[in-house]
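Down below is the structure, laid out as structure tokens.
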Amino acid sequence: MASVGSAAREAYDEEAAVRRPLELDGRDGATASSSDHHRPGGNVMPRYQVGTKGDTSSRHSEERRQPSTDDVRKSKPGSRYFTAFGVDLSPDNMAVAIVYFVQGVLGLARLAVSFYLKDDLHLDPAETAVVTGFSSLPWLIKPLYGFISDSIPLFGYRRRSYLFLSGLLGALSWSLMATVVSSKYSAASSILLGSLSVAFSDVVVDSMVVERARGESQSTSGSLQSLCWGSSAFGGIVSAYFSGSLVDTYGVRFVFGVTAFLPLMTSAVAVLVNEHHISSGERTTLLSGSGFVESSKQHVRQLWTSVKQPNILLPTLFIFLWQATPHSDSAMFFFITNKLGFTPEFLGRVKLVTSFASLLGVGLYNYFLKEVSLRKIFLATTIIGSALGMTQVLLVTGLNRQFGISDEWFSIGDSLIITVLGQASFMPVLVLAAKLCPPGMEATLFATLMSISNAGSVTGGLVGAGLTRIFGVTRDTFGNLPLLIVVCNLSSLLPLPLLGLLPEESGDTDNGETKNN
């Protein structure tokens, strides 16, 4: 029921809802991060390494890089931890995995939000897309969260304290949705708060992942990303079926109330983060007038020096354009619910299938594609995805029934295949972005790259909303929906001539030259 581009956006943003708060990802990226996710449209992208080591010689930058449990593990011949996706489940890695799990399990409210906007607030497809885009805004300023986390220790910690507060903010946002929200403006504001919660926690755990990925091969970095997004996919599986059945049985407000408890898991796992406590004296030094200002200026200069390098700027430009192609997700949601009569319970089953498909996509990348060049992965998945996305026309026109395939089974099969491809195409984006980050700039630079990706996702959603309006597709009028689907799917091919902006290296090469340009 979505193109590969939409599934990839969904894979990252909020949903991760998550990395694209409402994404109808699936989410940023962020859960990127990714999530950010995504979810929201968030639509699911990548992680190189640049050497600006001369810029990291200050005491502030050195203090930021504290030994982690992984540093200790790597120095020992054996490991006392269990492994998943080839990664040791140390306390730090467990914290990262659980935060990503929360991003996935927050999908419990995604269907409830969609039905609330459509049925309770009576918005049309274009308005729904705009609200979704607005609530994704926190994912566009992730560098700010990275700077805050890297530069301003809260209660003596740069990671723990922000994870704890992010969980509380998420609980507050969904509590408001369950109680006092009653208009599209208040709904967008509350969802925006939830998006901010996930985006901030996403930046924090992404910085931890980047610290471990730095200096590793693409294959090893891919294993770390597989752990993250495997956890998110598992969270999606846990919540998928109930996301529809609970809406059917108890209503959207009840689902929002249950969802309010889930972000508290992020607050709870903050204690697992192995982090050096910064004393009050150190904090005073870090935040003191001229020292803090100079550190901030250095941070900005280092960020600009890194971003403007061609081996970072050009791949990032491609990812933005890849994400910015329009999609028709909102229009399709209205069609399958208002025209085909799909119930929340059935859509929950579809979500369950796509959650398994997302996990399958992670496994596909981890075992078969992480040593394949980025250009080949994007070329293949984009072309195949565009072709498969055209199958939505069969559903809209009813031709699937002439082949003896019911609407329900056609939707399930279509969603499964597209989600696998979308997740597999999203994973290398995360690997690429992580390896681009120099020491001392993990949170800020990675957040910058993913924010650019998220900006592309939001742009694609808004362009899709504009096309929906232009083609006259409303909550009850779907005559031009086939044309909208064709235009959106063909547009996903537009970035392909720019594949040369991506690096050529594949898989297990360490690519030291790229890292030290």
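The values are calculated or read from the model by the stated rules, or taken from the named source; none is laboratory data. Everything numeric in this text was worked out from a predicted model, so none of it was measured. All Cβ positions, glycine included, derive from the backbone under ideal geometry; neighbour counts span all protein chains shown. Note: accessible area is taken over every heavy atom of the protein model, side chains too, but ligands, DNA and RNA are not part of it. Shrake-Rupley method; radii C 1.70, N 1.55, O 1.52, S 1.80 Å.
Restrict the check to the stretch 66-86 and report whether at least one residue is in contact with a helix residue (DSSP H, G or I) (Cβ under 8 Å, 6 or more places away or on another chain) and at pLDDT 80 or above. Let's see the steps before the verdict.
To start, the set of residues in the stretch 66-86 that are in contact with a helix residue (DSSP H, G or I) (Cβ under 8 Å, 6 or more places away or on another chain) comprises 68-70, 79, 81, 84-86.
With at pLDDT 80 or above added as a condition, the list becomes none.
Scanning the stretch 66-86, I find no residue that is in contact with a helix residue (DSSP H, G or I) (Cβ under 8 Å, 6 or more places away or on another chain) and at pLDDT 80 or above, so the answer is no.
Name the one entry in Ser491, Ser453 that is under 22 Å from Thr316 (Cα atoms) and crowded, with 22+ Cβ neighbours inside 10 Å. Reasoning before the result, please.
Numbers: Ser491 fails: crowded, with 22+ Cβ neighbours inside 10 Å.
Only one candidate passes the filter, namely Ser453.
Test each condition in (1) at pLDDT 75 or above; (2) surrounded by fewer than 21 Cβ atoms within 10 Å (Cβ to Cβ); (3) not in a loop (DSSP other than H, G, I, E, B) for Phe261 and report the one that comes out false.
With respect to (1) at pLDDT 75 or above; (2) surrounded by fewer than 21 Cβ atoms within 10 Å (Cβ to Cβ); (3) not in a loop (DSSP other than H, G, I, E, B), Phe261 is out only on (3).
Residues to consider are Phe115, Phe155; find the one that is surrounded by fewer than 24 Cβ atoms within 10 Å (Cβ to Cβ), of a type in the set (A, V, I, L, M, F, W, C) and within 29 Å of Phe356 (Cβ to Cβ). Lay out the reasoning, then the answer.
Numbers: Phe155 fails: within 29 Å of Phe356 (Cβ to Cβ).
Result of the check over Phe115, Phe155: Phe115.
With the condition kept exactly as written, say whether any residue in the stretch 170-189 is within 12 Å of Thr266 (Cβ to Cβ), open to solvent by less than 10 Å² (accessible area, probe 1.4 Å) and assigned to a helix (DSSP H, G or I).
Restricting attention to the stretch 170-189, the residues satisfying the condition of being within 12 Å of Thr266 (Cβ to Cβ) are 170-171.
Those still in the list that are open to solvent by less than 10 Å² (accessible area, probe 1.4 Å) too: 170.
Next, only the ones that are assigned to a helix (DSSP H, G or I) stay: 170.
Yes, the stretch 170-189 has at least one match.
Scan (1) over 27 Å from Phe335 (Cβ atoms); (2) at pLDDT 70 or above; (3) part of a loop (DSSP other than H, G, I, E, B) for the single condition Glu505 breaks and write down its number.
(2)
For residues that are part of a loop (DSSP other than H, G, I, E, B) and in contact with a helix residue (DSSP H, G or I) (Cβ under 7 Å, 6 or more places away or on another chain), scanning just the stretch 369-383, find the one that is surrounded by the fewest Cβ atoms within 10 Å (Cβ to Cβ).
The initial filter retains those residues of the stretch 369-383 that are part of a loop (DSSP other than H, G, I, E, B), namely 370-373.
Next, only the ones that are in contact with a helix residue (DSSP H, G or I) (Cβ under 7 Å, 6 or more places away or on another chain) stay: 370-371.
Working: Lys370: 24, Glu371: 13.
This residue is Glu371.
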